[in-house]
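Take a look at the structure below.
The values are calculated or read from the model by the stated rules, or taken from the named source; none is laboratory data. Only a predicted model underlies this, so the values are computations on that prediction, with no experimental measurement involved. Counting neighbours? That spans all protein chains shown, and the Cβs are built from the backbone with ideal geometry, glycine included. To get the accessible areas, we keep the full protein, side chains included, count just its heavy atoms, and leave off ligands, DNA and RNA. Shrake-Rupley method; radii C 1.70, N 1.55, O 1.52, S 1.80 Å.
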Amino acid sequence: MIEITASVFCTSLGAFLFRREIIPRSFPNLLGRLLYWLGVPLQILVLTRKSNLSQSIWLPPILTIAILLLGLGLAYVSLQLLKQLTQYRSVSWVKQLSDSFYPSDRAEQGSFVLASILGNTGFIGLAIVPAFVSQDYLVWVVLYGVTHNLIGSYGLGVFLASYFGQTTTNNKWKAAWRDILRVPALWAFALGYYSKPWQIVSFIDPLLQAIVYLVVPGAFLLIGMQLSRLRGIQNLRGAIIPSTIKTFVLPILAGMVITCLGFPHETRLALVLMSGMPSAFANAILAEEYNLNRSLAASTIVLSTVLLPLVLPLWLYLFR
């Protein structure tokens, strides 16, 4: 309850400050870049240093990557189906449907795909899921969160954001791979992993933790600023399909596959809950960094977060 209240307050504050022009119009871009280059990498570094990564270290990342690819496949199929609808524009209701839901430009398509794949595993996931999973399986939750942030948000996510956002680059694939190698979160994970045995000066860890505590409020402030750019309910229509994929379709398919593979129910529940987290704040950060559709990124975060309390009891009932 405290986390929800704080998130609502920070989001409202960001929207208020931006709408009233109390802060410069360029501040969201600056805040997004600070989170991308400093805040999130520090969060991953601290999480990696504190996590026990010795138990089944290879299996959770593999399953996490498989779920990410499953989400990518669902997003691709959805885009193709919506594109097919645009070919039947002679029927009035089909024309209206395609105009409402199909992302026509590359920036909007990029935000659509990212919103369907990337989830808020770092804050909401690690805050909620441990309450429903036994202590023996918390390492699965942690490894899912780390892998999702590392390979998903700032690996595959950066690749896709770079591909869809850099419209002036001739060799998009080469540029995307180059951007992945420059992602600060990758280097932060490596530093956190290899520095676990190091003895750090006593005041450094609390200082890092204090900085990390600013990441989540900063992300909510950024969401509020981006939401203040929305104009009416029309901006939320495009968020319905990616939000549904992220919070409903993806976790139920992941749960079915994991069940068929014969994993224990605790493992299955942990992975289903983490895969069904709302669209990630990273979508907003990547939208700022790579000039994707900021309104769609913000609205999918809001809509998928609203859907979470509705679908959470369903996952507990089906997969617990």
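Brief remarks on what is shown
- Computed packing ranks the peptides 292-299, 154-161, 308-315, 211-218 as 292-299, 154-161, 211-218, 308-315, most packed first, by mean other Cβ atoms within 10 Å.
- Taking 7 Å steps out from each Cα toward its Cβ at L81 and Q209 produces label points 4.6 nm apart.
- Cα shape, the range 177-320, gyration tensor, a/c 1.5 rule: oblate
- In plain terms, the chain from L17 to T259 could stretch by 82.4 nm, reckoned as 0.36 nm per residue minus the Cα-Cα distance.
- FRET E, pair W177, V8, Förster distance 35 Å, beta-carbon r, rounded to 0.05: 0.35
- Label-to-label distance, D136 versus S104, with points set 7 angstrom from Cα along the beta-carbon direction: 5.6 nm.
- The listed residues K246, K196, K50, K83, once ranked by accessible area (1.4 Å probe) with the largest placed first, stand as K50, K83, K196, K246.
- In this label model, L318 and I65 are separated by 2.6 nm, measuring between points 7 Å along each Cα→Cβ vector.
- Interchain or long-range residues, amide H under 5 Å from G119's placed H: A280
- Computed with a 1.4 Å probe over protein heavy atoms only, the accessible surface of the range 178-320 comes to 45 Å² per residue.
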